[in-house]
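Any read-out appearing in this document is the output of simple, stated calculations on the displayed coordinates, not a laboratory observation. Since the model is a prediction, treat every value here as computed from it, not as a measurement. Neighbour counts are summed over all protein chains in view; Cβ atoms, including those assigned to glycine, are modelled from backbone coordinates with ideal geometry.
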């Protein structure tokens, strides 16, 4: 009698586990696709800014639309470092003939305020970059995806979240920065 009851229960549990495995595999693949899609959008934006020497409102908007097309919410940050050379002076205030290099860092709020200044009726401004400046874009998922929640529920660890960082020097064709 007990065996007759266990057989259908085993089938139901087996079917449930197979369906759960298939669903989790599909969800993890969707996360991998979202990661790849975000990486491509960020690389295209940074490389376009490096090649053109400025950040335009159109390229920023396009990048953000592509990232948010994954139907996830991300924290996206932009950092721009500009190299500045200042002549070194002695205590008397005279130049010593040496130069001190420093980097001024500008972050997303400053960059976007410059690009989208005004009401937009006069057009947007291009944020200028000069040769040798460094630009980097970082993105990170704000909340876990369904796949992350599913894997976390059935295991003791959380899988890697969707995130990345990419940057490079303006005017260079080589990649010196972080590449995911």
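Stokes-Einstein at 10 °C, 1.306 mPa s, Kirkwood radius from Cα pairs: D for the chain in µm² s⁻¹? Reported coefficient: 79 µm²/s. Full extension of the chain segment joining residue 6 with residue 140 gains 43.6 nm, where the gain is 0.36 nm per residue of separation less the Cα-Cα distance. With r defined as the distance between the Cβ atoms of residue 101 and residue 77 and R0 fixed at 35 Å, what FRET efficiency is calculated, to the nearest 0.05? It comes out at approximately 0.90.
With the simple model of a label 7 Å out from the Cα in the direction of the Cβ, residue 26 to residue 86 spans 6.0 nm. Taking only DSSP H segments of four or more residues, each worth -39500 (n - 2.57), what value at 222 nm results for the chain once the sum is divided by all its residues, to the nearest 500 deg cm²/dmol? After summing the helix terms and dividing by the residues of the chain, the value is -15500 deg cm²/dmol.
The relative contact order of the chain, computed from alpha carbon pairs under 8 Å that lie at least 6 residues apart in sequence, is 25 percent. Note on residue 48 and residue 149: their simple-model spin labels are 3.3 nm apart, each label 7 Å out from Cα toward Cβ.
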